[in-house]
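No lab work stands behind these numbers, since they all come straight from the coordinates. Everything quoted here is computed from the prediction, not taken from an experiment. Please note: Cβ atoms are built from the backbone with ideal geometry, for glycine as well, and neighbour counts cover all protein chains shown.
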Amino acid sequence: MVAYLEDAKKPKLVYLVGCNLGARPIDQHVKGFEALGADVEVSNENITAKAKKLTANSIYMDVVSVGATINIMLASVLAEGTTVIDNAAKEPYIVDVANFLNTMGADIRGAGTDIIKINGVKELKGNASYSVVPDQIEAGTFMLAAIASKGDVIIKNCITKHLESITAKIIEIGGNVDANGDHLRVWCNTRTNKATIKTLPYPGFPTDLQPQMGVVLSLSKGTSIINESIWESRFQYTAELNKMGAQITAQGKSAVFEGVDKLNAAPVYACDLRAGAALIIAGIVAKGKTEIYNLNYIDRGYENIEEKFRKLGAKIERVEE
């Protein structure tokens, strides 16, 4: 079983980076900056925010947004007074950014909860030392790869609490997870069972692991359903899995997975970062040699992913077109 990677043509330069998963509204970012006293101008190609002085304020997030929560935190640390962010995102990345800023002298409290309070300080120190939190999505990707391949994998240096929603679903469908400190052992020796999944902001099941779970459910017994509540175009990868023999019907923000016994090799194209990771998993478990194109997407979120899979026993190589 081989996953075979080829680089496609270089992508065109775009002004707003990120995978094409649907609309990426910036209204919550703008709302936060303006509430702090900034003057924000949005044009076709640029977003400009200016302020002689930022003043603390209470800001209610109309929707939970990781990026907007982080941006408002960054803008508030030097603002005069106490800023309160209500309905804030709770992802581990939020806590990590807050801890980092606090190391530099900021005063942020409540990160990881619905309400974050930032007491403005006069300056930040530039001599801080900080270790970034392990990537829960990369860890989750290898967890689901272990289940899809009926393998046995030990993942080191991870925060197991951040992976509880993935762990719960793996156990629900018949896989096994053993947490031991900052290590996780994930294994499966039987065909997994069907499941119904809805992606949600943290601590719910992450949208960034939805395609990888889609590969698992494609090979599970029975009919599974995934409801995507975050992105409107997250199911583009299902057309590529169907080329490999999966039986997936996707419509809007829902997809139905009729489990099949196996996947077969085919040339497939990564349409976004996590879709690319899912296709690598599919290529590893499929019969024959799979060629995966558009590696630029995958490289945005995974470092040396093929080398890590090779160490786990996958037959995978990157080649130049």
The chain - percent relative contact order, Cα under 8 Å, separation 6 or more: 19 percent
Run the simple label-point estimate for ALA179 and GLU321 please: 7 Å along Cα→C-beta, distance reported in nm. 4.2 nm
Fully extended, how many nm does the chain gain between ASP152 and THR55 (0.36 nm per residue separation, minus their Cα-Cα distance)? 29.6 nm
Determine the dipole magnitude for the chain: charges of +1 sit on the beta-carbon of Lys and Arg, -1 on that of Asp and Glu, nothing else is charged, the reference point is the Cα centre, and the result goes in debye to the nearest 20. 560 debye
³J(HN,Hα) across the stretch 150-158 via Karplus (A = 6.51, B = -1.76, C = 1.60, θ = phi - 60°), whole Hz, x for Gly/Pro? 6, x, 9, 10, 10, 10, 9, 6, 10
Given that compact globular proteins tend to follow 2.2 N^0.38 Å, what is the ratio of the alpha-carbon Rg of the stretch 219-280 to that value? 1.07
Residues with amide H under 5 Å of LEU219's amide H, sequence separation 5 or more or different chain, H placed in the peptide plane at 1.01 Å from N; which? VAL260
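Rounded to the nearest 0.05, what FRET efficiency is calculated for ARG191 and ASP62 with R0 set to 51 Å and r the Cβ-Cβ distance?
0.75
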Express the C-alpha Rg of the chain as a ratio against the empirical globular expectation 2.2 N^0.38 Å, rounded to two decimals. 1.08
Determine the calculated [θ] at 222 nm for the chain from helices alone, applying -39500 (n - 2.57) to every DSSP H run no shorter than 4 residues and normalising by the residue count; nearest 500 deg cm²/dmol. -8500 deg cm²/dmol
Karplus-derived 3J(HN,Hα) from phi for the stretch 75-81 (6.51 cos²θ - 1.76 cosθ + 1.60, θ = phi - 60°), whole Hz, x at Gly and Pro, runs 6, 8, 5, 10, 6, 7, x
Rounded, prolate or oblate: which one fits the stretch 53-119, using the alpha carbon gyration tensor with axes a ≥ b ≥ c (rounded when a/c is under 1.5, else prolate when a/b beats b/c, else oblate)? oblate
Would you please classify the overall shape of the stretch 171-321 from the alpha carbon gyration tensor, given that a ≥ b ≥ c denote the square roots of the eigenvalues, rounded means a/c under 1.5, and beyond that prolate means a/b larger than b/c while oblate covers the rest? rounded
Whole-Hz ³J(HN,Hα) from phi, Karplus 6.51 cos²θ - 1.76 cosθ + 1.60, for the stretch 231-239, glycine and proline x: 10, 7, 10, 6, 8, 4, 5, 5, 5
Highest-first arrangement of 215-225, 242-252, where packing means the average Cβ count within 10 Å: 215-225, 242-252
Under 24 Å between C-alpha atoms, the lysine pairs in the stretch 194-321 lying 8 or more places apart or on different chains count 27
